[in-house]
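Each remark here refers to the structure printed beneath this line.
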Amino acid sequence: MTAKETRDFNQLRLEHGKPMRFGPNLEKGIILDGIKPRVVTLGENGVSEKDILVHDEKVQDPTLAYFLSRFHSPEFPTPLGVFRAVEETCYEDAAIEQMKQITGKYGPGDLDKLFSQGETWTVPEKT
């Protein structure tokens, strides 16, 4: 086996929207057997390209990216490319938006008012 064939056999180049095929002649592929990924050879046991898992880097659920992160040689090829690329609000933007909504509903906060409302007590001085 040449170096190129070895590389091609051990690398799964991920392309969004394309079947997960690999091997020197792209004769191998990844399918889901229940909920477990499995390597198959196209043309064996009736496996065709329509059976091969299609890579979707934009899917919101992280399960596919997790599966790919667990691929280890020699059972699986090494996946190369973008595992997951989703648009989500970052924590800071979500926190700022939440503060704006609360301030809009209840007005700006007042710590002096907060500290002097409700039940209060005085701590006696030591004598």
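FYI, it's all coordinate maths here, none of it is from the lab. Computed from a predicted model, the values in this text were never measured in an experiment. Virtual Cβ from ideal backbone geometry, glycine too; neighbours counted across all protein chains shown.
For the chain, max minus min Cα coordinate along each principal axis, in Å, sorted largest first?
Reported extents, whole Å, longest axis first: 89, 40, 29.
Among P74, P24, P37, whose mean-square fluctuation peaks in a Gaussian network model of the chain (Cα, cutoff 10 Å)?
P74
Taking only pairs that are 8 or more places apart or on different chains, how many Lys pairs in the chain have Cα atoms under 27 angstrom apart?
Lysine pair count for the chain: 15.
Most exposed first by the Cβ proxy, i.e. fewest other Cβ within 10 Å, how do L68, L80, L111 rank?
In order of increasing Cβ crowding within 10 Å: L111, L80, L68.
Collect residues whose amide H, placed 1.01 Å from N in the peptide plane, falls under 5 Å from the amide H of Q11; neighbours closer than 5 in sequence don't count.
For Q11, whose amide H was placed from the backbone, the distant partners under 5 Å are G23, T78.
Could you tell me how many degrees, from 0 to 90 and to the nearest 10, lie between the Cα long axis of helix 91-106 and the main elongation axis, the longest principal axis, of the Cα atoms of the chain?
40
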